[in-house]
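So the structure is just underneath, and the comments pick up after that.
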């Protein structure tokens, strides 16, 4: 077993303590960046490392940084610690157990884009964690690792935490920025994207917690080392959150290129009661649901291969579905979640999730189910491509792919768009 | 000239300014892309998703930047395959937009189906029915049948008062947020917002009092459904039953263009005003009006209107008589008093009325006086806004000075236009003794003690302050001066100082520069132009006058004089005012809504209006009454209609030489385009087919002007408490007080002080207090407000306190007796 890269507390349980973290090379990367690297050089290293955003879209991190509009200042960095996707709990473990590596990552990103302020936006339920991060930030400031004129240079950096008030939509980066500004958390129209028009209208990088936690070791060990991990398409390691009908749910850090079989059966201890594995939701509730067969189980996982499976890796929150879980129950749960979380800004999501929730309820009660399935499929299809942000598009993924890929579990026939 | 781009929308080529959004570009090409949340006066939100189109972008060669061409030479266009919102995408060179494809049509149908799942479909009882965007677009694009079961429909509140003026129907609301954005972006009263989320999202107000804004009625115009309705019009009439009558607002000097919707009331059989709506004039009020203009129209139908002539009988009582008897009495009385005659007029009279009154007055050798405490109409005629000006054109390079005015309270739409100009990049200088809403968008705020307004403005000519530089360097300079805490002499000094500032900085007579007086009435400028001068210039004349002809003024009611009974008094009025009660003859005049005529706005734009309802009782228009009187006195008076009088004005007043009926009636294309019957894009503001008015050229545009000497004015003692007259929009002036709709919003207080002064005087907000002003003591209600300067008590005008100029005052609780001090 290789040493951990992100979940390093599993190798060094006291790594949340500054002295222990420093013993393990902590804050050397940030110091090196500030004292001996130009911001552009840091960006270059990250670009070459092949690091892609772990929040869901998998966008190349260094490339995102390079989009920052240098004609307008100040710049901001915002860490997206909203972690609200059902089935995702990786950022929480990183921040709880290995907080300093995450904070150093924020600091490195801030230096790379010339930000003197960075915000950590946490979901409101993380209030204890927020208090702990605040203490860590204060400790770093008194240790001279954050604050003014760092390491004898004129670079200054302050970190602030901010708690949301309980909305899934605030994990969407522009809704997050609205919320951070003190407004209602509703997504903005994109473009412009945050690197052009972000927090308070200024150029802003929004990165996921896990993405940022990668940075200290990328700087310490070099981009080639990082590139060497993972696959051609997706470099590095990933913390997979495993949940659902699996014996040992939890976070598993594995390099990209591992297989579902490895993840579920070797790491996760297999399916509860030895039942038959039926499906995987690789990106939490917003997943296109993968119907699992042997070939799928043995496919090396990365962003590209997941797309070939007809899904998206997203945040890597694997919800394991076995034969005991009826698909109509599953989509009822996801649709109910999305209609509860729809912000109401755009018509198709606001009205569509509400409508779908009625339909999935009827299907489950077997009330004219065949017709309701056809209607549900049509309603979901009509939402597609018309919503303002990704939430609305996510809300239909489970519905369409369940009906498409598990037709035997739904009465009646639909004219599938997929086949 | 900004860069133009050419694109193709539904096979029509259109050239538009770069940055124009696709939905607006389409409109200019005559294509209506359906919208709900988009409004051309506001930033796009992209929420309703109704304006979906297919957008093709020309492919450029990465190296050369040139367009890639197909074999046939036409540019290669790349369609993404997704539907995109036309309200958020700026037009670009070579774009190809498709709004009629099956995919687009299906997309719009889907959006409408979604919207209708939650919509109550109560069109038969909805006030918006007939001018509803949702209804119209459903007919055009929507599904014919509902697949959403009735039982699943969400049930929400149907009659939620958002304030005293506006009701919300939560079921009809489609969450487009136009109302919220209007309140935030255009009028800076962010008192509405969304509450809850998802399907439960609804509109709430979080101000106290609720929906606290002078602009709330506009949200009902732009609401694309019947979610927002006015307390005035809801459940009153169907859209298609009403006739549209062009009119003008009579409440302030802006001159907002109105369309008044009228209908024969089934109960009374009378043609009644049902609602007052904005009529587009992008140079005056764009497509907006304030709530006072919209809701204070009941002066026409008020049961207290004077409907017959009255004369005083031998017992000393006023009793109804015929017109012949009344006019005979007037003529006889005036003939008798020929040598000591005075005419006193108010600013609600039309130019035609005023011209006739002046003619009558001159024929009798009288004094022509204007009932106003504000000076400078002559200066506005000299250095007013240059012909061709438009406040909507002010932006980078322009400077706007607002001096001694609480502009939103005095002339709301001007405030809105100034705010917009400031946001476009004009430099705004706000000079006022106390904070006003204008400060919020001002670049420079000048605070001075009451009485030092002229010095403060004069200081801008020589000073080195940022404000002085902004004025010196301005390409265009517009100066608004109001009447905050001033008497007549101070006003005269301020007006002259402002006029000098324009002349000496070389701005006089230029387009988009000039002096604007924030007059207390709609046609005060017209009264100046017709030759009336403020009464304050010759107060003695009033006392010495033997015969007094008063039209549209109530000096007794305002406490200016107590007794006029010793004179031969003729009063021409809508109501039996306190002044009319003392008259020998009372002549019932028509309301502005019952007659035709012209007004000259503070920007010196002459605009015409038509009668909107038939006259009540035996009332006659003022100009006609006057010509009848003149005829009896053997004067040669222009006779006939208002238009006939206007022709006389055009011939006799050089400034009005261009003011012909033809010119007044001219219209031209305006942006944003209003297509009658297409409500989705603009809302229910009416297209202007009646005329945009005629701008008068100031004297300075024809000849050079020079600076004038600043007249003397009294200095203000600052030893004790200073009472100053100020203007509040919702006062209890005679044309407003009768509005049932506005009644709950009208102010009730007579005095305003800050907390410190209240503490000193041992009085509290909401209490009855006494204010000693010289010899007299006035009792009234007190309001305590944080931002009143120390040592000052604000006295709103038209609230019954006779305060014409700043005066020393003493404030005390009403209940305490004299001996307690």
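The values are calculated or read from the model by the stated rules, or taken from the named source; none is laboratory data. Everything quoted here is computed from the prediction, not taken from an experiment. Here the Cβ positions follow ideal geometry from the backbone for every residue, glycine too, while neighbour counts run over all protein chains shown.
See the values below:
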| quantity | calculated |
| --- | --- |
| Qualifying residue in region A:153-167 (condition: touching a strand residue (DSSP E or B) at 6+ places or on another chain (Cβ under 8 Å) and within 24 Å of residue A:335 (Cα to Cα)) | yes |
| The listed residue being within 12 Å of chain A (Cβ to nearest Cβ) and assigned to a strand (DSSP E or B), out of B:154, B:203 | B:203 |
| Hits in region B:650-673 (condition: surrounded by 18 or more Cβ atoms within 10 Å (Cβ to Cβ) and in contact with a strand residue (DSSP E or B) (Cβ under 6 Å, 6 or more places away or on another chain)) | B:659, B:664 |
| Condition met for residue A:218 (within 14 Å of another protein chain (Cβ to nearest Cβ), over 16 Å from residue A:316 (Cα atoms) and in contact (Cβ under 8 Å) with a residue 40 or more places away in the chain) | no |
| In region B:189-200, residue nearest to the other protein chains (Cβ to nearest Cβ) [restricted to those that are within 16 Å of residue B:437 (Cβ to Cβ) and buried (at least 18 other Cβ atoms within 10 Å of the Cβ)] | B:191 |
| Residue in region B:76-90 that is at pLDDT 95 or above, more than 13 Å from chain A (Cβ to nearest Cβ) and crowded, with 17+ Cβ neighbours inside 10 Å present | no |
| Helices (runs of 4 or more DSSP H) (entirely within region A:94-185) containing at least 2 residues that are within 28 Å of residue A:196 (Cβ to Cβ) and under 22 Å from the mean Cα position of the chain (by Cα) | A:99-113, A:173-180 |
| One residue from B:611, B:638 being surrounded by fewer than 22 Cβ atoms within 10 Å (Cβ to Cβ), within 30 Å of residue B:269 (Cβ to Cβ), touching a helix residue (DSSP H, G or I) at 6+ places or on another chain (Cβ under 6 Å) and touching a residue at least 24 places away in the same chain (Cβ under 8 Å) | B:611 |
| Residue that is farther than 29 Å from residue A:187 by Cα and either touching a helix residue (DSSP H, G or I) at 6+ places or on another chain (Cβ under 7 Å) or more than 12 Å from chain A (Cβ to nearest Cβ) (or both), where the choices are B:14, B:53 | B:14 |
| Residue in region B:157-166 that is closer than 29 Å to residue A:362 by Cα, within 14 Å of another protein chain (Cβ to nearest Cβ) and in contact (Cβ under 8 Å) with a residue 12 or more places away in the chain present | no |
| Failed criterion for residue B:676 (all others in (1) surrounded by fewer than 16 Cβ atoms within 10 Å (Cβ to Cβ); (2) part of a strand (DSSP E or B) hold) | (2) |
| Enumeration of residues in region B:36-50 that are more than 20 Å from residue A:192 (Cβ to Cβ) and within 12 Å of chain A (Cβ to nearest Cβ) | B:36, B:48, B:50 |
| Residue list for region B:122-151, filter: within 14 Å of chain A (Cβ to nearest Cβ) and not in a helix (DSSP H, G or I) | B:142, B:143, B:145, B:146, B:147, B:148, B:149 |
| Any helices (runs of 4 or more DSSP H) falling wholly within region B:255-368 and containing at least 2 residues that are within 27 Å of the chain's Cα centre (by Cα) | B:291-295, B:351-363 |
| Any chance residue B:795 is in a strand (DSSP E or B), under 31 Å from the mean Cα position of the chain (by Cα) and in contact (Cβ under 8 Å) with a residue 60 or more places away in the chain | yes |
| Of all residues making up region B:134-156, the number that are surrounded by fewer than 12 Cβ atoms within 10 Å (Cβ to Cβ) and farther than 22 Å from residue A:361 by Cα | 3 |
| Filtered residue count, region B:167-184, keeping only those that are under 22 Å from residue B:43 (Cα atoms) and more than 14 Å from chain A (Cβ to nearest Cβ) | 3 |
| Scope region B:574-590; condition touching a residue at least 60 places away in the same chain (Cβ under 8 Å) and surrounded by fewer than 24 Cβ atoms within 10 Å (Cβ to Cβ); matching residues | B:575, B:576, B:577, B:581, B:584 |
